[in-house]
Amino acid sequence: RQVQRGYRVTVVCLRGPTPLSDKLKAASVQIRCLGLKRTDVRQLTVLAALLHATQPGIVHTHLTLSCLLGRIAAVIADTPRLIVHDHEADAEVFITPGPLLALKRLMEPRAPPQRTRYIVTSRAALAYASEIRRLPADQVTLVPNGVDTARLEEGRLSTDTARMQLGLPVDQPLIGFAGRMAPEKGGDLLLEALARLPDVHAAIAGHGPLFDVLRSRAAALGIGQRTHFLGHLEDIRPLFWACDLYVQPSRREAFGLAAAEAAATGLPVVATNTGGLRDIVLDGVTGRLVRPDDTVELASALEALLEDTAYARSLGSAGKDYVGQHFAIGIVLDRLDRVYLDATPEQERY
């Protein structure tokens, strides 16, 4: 979409090519895959040499290691503007090794280039950037992840057709969940809550280290026949179209893109009161928020919406409108344009 807006974009991958890089190539985005392993000491020097050779006007980094290496490489290559996009800002203490976190702290916010701007994806991360990271307010901007609302509705199937396509029961209440099978996503909490909801089924999309553990747990809880593990879905839309509710029981969540996409399709969302989920779900207005790790409250909220379908529909409708007003991809791109513009001296803008 930035290419469509007139940007000349090169995406630099520290690792090798992926299916996503093939899609970007098809969209006329230049891809440079460095093909380096995470432990390769050449990552910084190769990246710095590439930036020095191409002389980009802006370097925009994503995720912890790339933000660190990209910033150092940008300094070495004398890049004039740097955008540090911190997708996991308030979760960094969980995901960043201690030495790397210490180095990050030493570098912020005084390290060059001076025209550095930081992007965070939620209000919780914005508060963290101010209170913990001590970043200057004029250097930090909240830009949420974007939702392609038009794409989510394109070719929409009926509920029954979507369920049949995914091999799901067409005549039972169905709760949907999409996410990595990892502790922070709370898949185990969903299973515990589902065990309290007789005759309710759950469709779970995603893969990860706990995939087999969660399948075994579902069997042990006696809900194996009501829990449908779909694995990785290349197209997540049929899952949303098939379900009555969507649940995001995360223990922590930087943003919650799947929850936002589910809401964009009109699904009422039940989520935990943590991180970016609080920006997406307004309790009692666009969905329901429950305490993290509280499976009783989670089950109660799900049961209430399954029983009161009119209320559930009203939450879903409000959620769809809210996502369209605040997280639609065009709105997010406008915000990103503004970050780029603010990082550019006035005499260089035109």
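The values are calculated or read from the model by the stated rules, or taken from the named source; none is laboratory data. Since the structure is predicted, the reported quantities are computational estimates derived from the model, not experimental observations. FYI the Cβ positions are ideal-geometry reconstructions off the backbone, even for glycines, and counts take in every protein chain you see. In case anyone asks, the SASA skips ligands and DNA or RNA and just uses the protein heavy atoms, side chains included. Shrake-Rupley method; radii C 1.70, N 1.55, O 1.52, S 1.80 Å.
Observations on the model:
- Helical mean residue ellipticity (222 nm; -39500 (n - 2.57) per DSSP H run of 4+; nearest 500) of the chain: -12500 deg cm²/dmol
- Among the lysines of the chain, pairs at least eight places apart or on separate chains and with Cα atoms under 23 Å apart come to 4.
- Whole-number Å³ per residue for the convex hull built on Cα positions in the stretch 151-220: 106 Å³
- Seen from a random direction on average, the alpha-carbon convex hull of the stretch 188-339 projects onto 9.2 square nanometres.
- Extension gain, Asp212-Val29: 0.36 nm per intervening residue step, less the Cα-Cα distance, totals 62.1 nm.
- Net charge dipole size for the stretch 233-350 [Lys, Arg +1 and Asp, Glu -1 on Cβ; Debye, nearest 20]: 80 debye
- When the alpha carbon gyration tensor of the stretch 276-350 is reduced to an equivalent ellipsoid, its three semi-axes come out at 39, 15, 6 angstrom, largest first.
- Size of the chain as Cα extents on the principal axes (Å, biggest first): 62, 40, 40
- Cβ-Cβ FRET estimate between Met164 and Asp78, R0 fixed at 51 Å, reported to 0.05: 0.30
- Efficiency of FRET between Arg180 and Glu131 - r from beta-carbon atoms, R0 22 angstrom, step 0.05: 0.20
- In a reduced charge model with +1 at each Lys and Arg Cβ and -1 at each Asp and Glu Cβ, the chain shows a dipole moment near 1360 debye about its Cα centre.
- Karplus-derived 3J(HN,Hα) values for the stretch 261-275, using 6.51 cos²θ - 1.76 cosθ + 1.60 with θ = phi - 60°, are 5, 4, 4, 5, 8, x, 7, x, 10, 10, 9, 7, 7, 8, x Hz; glycine and proline are entered as x.
- Charge dipole (the stretch 129-178, unit charges on Cβ, about Cα centre) - positive-most of Gln165, Leu152, Ala137: Ala137
- Table column - 3J(HN,Hα) (Hz), the stretch 207-218, Karplus curve with 6.51, -1.76, 1.60, x for Gly and Pro: 9, x, x, 9, 4, 5, 4, 5, 4, 5, 5, 4
- Remark: the stretch 293-299, residue by residue, has Karplus-estimated 3J(HN,Hα) of 6, 9, 6, 5, 5, 4, 4 Hz, where x stands for each Gly or Pro and the curve is 6.51 cos²θ - 1.76 cosθ + 1.60 at θ = phi - 60°.
- Carbon-plus-sulfur accessible fraction, the chain (probe radius 1.4 Å, protein heavy atoms only): 53%.
- Rounded accessible area per residue of the chain, 1.4 Å, Å²: 48 Å²
- Sum of side-chain charges, Arg196 neighbourhood, beta-carbon under 13 Å (Lys, Arg +1; Asp, Glu -1): -4
- Viscosity 1.002 mPa s, 20 °C: Kirkwood-radius Stokes-Einstein D of the stretch 192-240 over Cα pairs, µm²/s: 187 µm²/s
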